[in-house]
Amino acid sequence: MQVETLNIQNLVRSAVVLVVGLPVALSTGSLINTAGQVASQQGLDPTVKPTKQLKAKLAEPCLRYMLAKNDSKLEREAKNDIDEVVGGPVNYQQTCNWAL
């Protein structure tokens, strides 16, 4: 009889902790996510401005790269321009997918 009572009490305690703890955990996660979004929108995120600037500089050479035929003069010039913007050789496909 003692064992059954302990098991029921443990189950009830666990259920109460779950009922109380889950909403708190979920609301905390939501609050952190919202704070990050607000910071990003307000310009407080230090990565937003440089990212936008780099994407703007890469837009035209990446468009030329994506539209050029393989092993063409246009492709080589676009790759050179991308290298110049970034500061060295990169994976052109991934870079342009990110930038565009």
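Answer yes or no: is there a residue in segment 39-57 that is modelled with pLDDT under 75 and loosely packed, with under 10 Cβ neighbours inside 10 Å.
There is at least one residue in segment 39-57 that is modelled with pLDDT under 75 and loosely packed, with under 10 Cβ neighbours inside 10 Å.
Can you go through LEU67, LEU11 and tell me which one is at pLDDT 85 or above and among the aliphatic types (A, V, I, L, M)?
Unique residue meeting the criteria: LEU67.
Going through segment 68-95 one residue at a time, which ones are within 16 Å of ALA56 (Cα to Cα) and outside any helix (DSSP H, G or I)?
GLY87
I need the full set of residues from segment 90-100 which are without any contact (Cβ under 8 Å) to a residue 24 or more places away in the chain, farther than 16 Å from THR51 by Cβ and surrounded by 11 or more Cβ atoms within 10 Å (Cβ to Cβ), in order please.
Matches in segment 90-100: GLN93 only.
All but one of (1) at pLDDT 70 or above; (2) of a type in the set (Ser, Thr, Tyr); (3) loosely packed, with under 11 Cβ neighbours inside 10 Å hold for SER27, so report the exception by its number.
Here SER27 clears every test but (1).
The values are calculated or read from the model by the stated rules, or taken from the named source; none is laboratory data. Since this is a predicted model, take the numbers as computed values, not measurements. Positions of Cβ are backbone-derived with ideal geometry, glycine not excepted, and every protein chain shown enters the neighbour counts.
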